[in-house]
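A.B. asks: The structure that follows is given in the form of structure tokens.
The values are calculated or read from the model by the stated rules, or taken from the named source; none is laboratory data. Here the structure is a predicted model, which is why all the values come from computation and not from measurement. Here the Cβ is made from the backbone with ideal geometry for all residues, glycine too, and neighbour counts use every protein chain on show. Note: accessible area is taken over every heavy atom of the protein model, side chains too, but ligands, DNA and RNA are not part of it. Shrake-Rupley method; radii C 1.70, N 1.55, O 1.52, S 1.80 Å.
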Amino acid sequence: MGTDTDVEPGMLLVAAPQLLDQNFRRTVVYIIHHRAEGTLGVVLNRPSEVSVDDVLPRWGPHASEPQSLFVGGPVEQRTAICLAALRTGVDVASVSGMIGVRGPIGLVDLDGDPADLVPRARGLRFFAGYAGWDADQLAGEIDRGDWLVVPALPDDVIAAPGPELWGRVLRRQGPPLAFLATHPGDVKVN
């Protein structure tokens with residue numbers, strides 16, 4: 001299931017089925033920073049109705065589908081954060097205006113020039129706000145069973161969003177975590 005010691009940049013926090021907080025219910029959070037002072041991440045599966053183009057016109061055309069701003073979390077929702085997944089063989093250290101998180105995933109300096117980054121990226125995802133935890137807060141939530149700590153795949157960051165991501169991440173963990181993906185959530189009526 002994972003403990004606080006498993007939390008590091010590039011890991012996912014998957015909301016346990018019993019976590020009902022509306023900010024985090026059935027969310028998948030990608031960890032960007034994890035330090036003694038606290039942890040910061042972004043929710044990967046909460047697209048908003050706002051187009052990236054409306055907020056960041058220079059970057060909007062380059063956003064992965066859907067080209068909407070995602071709700072990264074309840075903190076600093078006026079702050080824009082961008083994560084990029086680089087193409088195979090491109091080293092994060094060789095890309096100006098980018099700070100590596102893990103593997104081909106990095107944090108993008110939105111004051112930079114999209115023309116430098118776009119040809120080297122497989123996808124870009126933009127977030128309004130983030131999720132943050134103080135030093136011991138996340139450890140307490142993990143101990144309580146609110147979050148499952150699992151490895152991320154680069155595609156998780158730029159994948160099509162929605163509730164499918166939550167189930168897909170759980171299913172690929174194998175049993176027993178995979179069984180949580182069948183936990184009944186909101187019943188959809190067509």
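A.B. asks: Across region 9-16, in residue order, what do the Karplus-derived ³J(HN,Hα) couplings come to in whole Hz, using 6.51 cos²θ - 1.76 cosθ + 1.60 with θ = phi - 60° and x for Gly and Pro?
C.D. replies: The phi angles translate into x, x, 8, 10, 9, 10, 5, 5 Hz.
A.B. asks: Another question, if that's okay. Residue by residue, what Karplus-based ³J(HN,Hα) values in Hz, rounded to whole numbers, does region 44-53 have, using 6.51, -1.76 and 1.60 with θ = phi - 60° and x for Gly and Pro?
C.D. replies: Computed from phi, the couplings for region 44-53 are 8, 10, 10, x, 9, 8, 8, 7, 4, 4 Hz.
A.B. asks: While we're here: Positive end of the charge dipole of the chain (Lys, Arg +1 and Asp, Glu -1 on Cβ, about the Cα centre): tell me which of GLY103, TYR30, ALA160 has its Cα farthest that way.
C.D. replies: Checked the options; the winner is ALA160.
A.B. asks: Let me ask you something else. With only alpha-carbon pairs counted, each pair once and no self-pairs, how large is the Kirkwood hydrodynamic radius of region 34-170 in angstroms? Mind dumping the intermediate values first?
C.D. replies: On the way: mean 1/r = 0.0641 Å⁻¹.
After inverting the pairwise mean of 1/r, the radius is 15.6 Å.
A.B. asks: Karplus couplings for region 71-82 from phi (6.51 cos²θ - 1.76 cosθ + 1.60, θ = phi - 60°), rounded to Hz, Gly and Pro as x?
C.D. replies: Going residue by residue, I get 7, x, x, x, 9, 6, 5, 8, 8, 9, 10, 10 Hz, with x marking Gly and Pro.
A.B. asks: Under a point spin-label approximation (7 Å from Cα along Cα-to-Cβ), what is the ARG78-ASP111 distance to one decimal in nm?
C.D. replies: 1.8 nm
A.B. asks: Local charge sum around SER96 (other residues, Cβ-Cβ under 13 Å, Lys/Arg +1, Asp/Glu -1)?
C.D. replies: Working: positive: ARG120; negative: ASP91, ASP109, ASP111, ASP113, ASP116.
Once all neighbours under 13 Å are counted, the net charge is -4.
A.B. asks: Probe of 1.4 angstrom, ligands and nucleic acids ignored: what's the accessible area per residue over the chain, in square angstrom?
C.D. replies: Working: 9500 Å² over 190 residues.
With the other protein chains kept in place, the chain gives 50 Å² per residue.
A.B. asks: Using a 1.4 angstrom probe on the protein heavy atoms only, could you order ARG171, ARG125, ARG46 from most to least accessible area? Show your work: numbers first, answer last.
C.D. replies: On the way: ARG171 135, ARG125 5, ARG46 70 Å².
These residues rank, largest area first, as ARG171, ARG46, ARG125.
A.B. asks: Between GLN18 and ASP143, what length in nm is gained on full extension when 0.36 nm per residue of separation is reduced by their alpha carbon distance? Display every interim value, and only then the final one.
C.D. replies: Working: separation 125, 0.36 × 125 = 45.00 nm, distance 1.36 nm.
Working it through step by step, the gained length comes to 43.6 nm.
A.B. asks: A further question follows. Calculate for the chain the 222 nm mean residue ellipticity that helices alone would give, adding -39,500 (n - 2.57) per DSSP H run of length 4 or more and normalising by residue count, nearest 500 deg cm²/dmol.
C.D. replies: On the way: 6 runs with 34 residues, N = 190.
That comes out to -4000 deg cm²/dmol.
A.B. asks: Continuing with this model, one more query. Given a 1.4 Å probe and every protein chain left where it sits, what share in percent of the accessible area of the chain is carbon and sulfur? Mind dumping the intermediate values first?
C.D. replies: Numbers: 5010 of 9500 Å².
The computed percentage sits at 53.
A.B. asks: In addition: Taking the Cβ of PHE179 as the centre, find all other residues whose Cβ is under 15 Å away and add up their charges (Lys, Arg: +1; Asp, Glu: -1).
C.D. replies: +3
A.B. asks: Using the crude model of +1 on Lys and Arg Cβ and -1 on Asp and Glu Cβ, and no other charge, please compute the dipole size for the chain relative to its Cα centre, in debye to 20.
C.D. replies: Details: 16 positive and 24 negative charges, 128 e Å.
For this selection, approximately 620 debye.
A.B. asks: Can you tell which of PRO176, ALA93, PHE70 lies farthest toward the positive end of the dipole of the chain, using +1 and -1 charges on the Cβ of basic and acidic side chains (Lys, Arg; Asp, Glu)?
C.D. replies: PRO176
A.B. asks: Take the Cα atoms of region 123-164, build their convex hull, and give its volume per residue in Å³.
C.D. replies: Working: hull volume 4.8 nm³, N = 42.
Spelled out: Cα convex hull of region 123-164, divided by residues, is 115 Å³.
A.B. asks: Under 13 Å from the Cβ of SER68, count the other residues' Cβ atoms, weight Lys and Arg +1, Asp and Glu -1, and hand me the total.
C.D. replies: Working: positive: ARG46, ARG125; negative: GLU49, ASP53, ASP54, GLU65.
It works out to a net charge of -2.
A.B. asks: Here is a follow-up. Relative to the Cα centre, what is the charge dipole magnitude of region 83-190, using +1 at the beta carbon of each Lys and Arg, -1 at the beta carbon of each Asp and Glu, and rounding to the nearest 20 debye?
C.D. replies: 580 debye
A.B. asks: Quick one: which residues, 5 or more positions from VAL50 or on another chain, have an amide H under 5 Å from its amide H? H modelled 1.01 Å from N in the peptide plane, none for Pro or chain starts.
C.D. replies: LEU69
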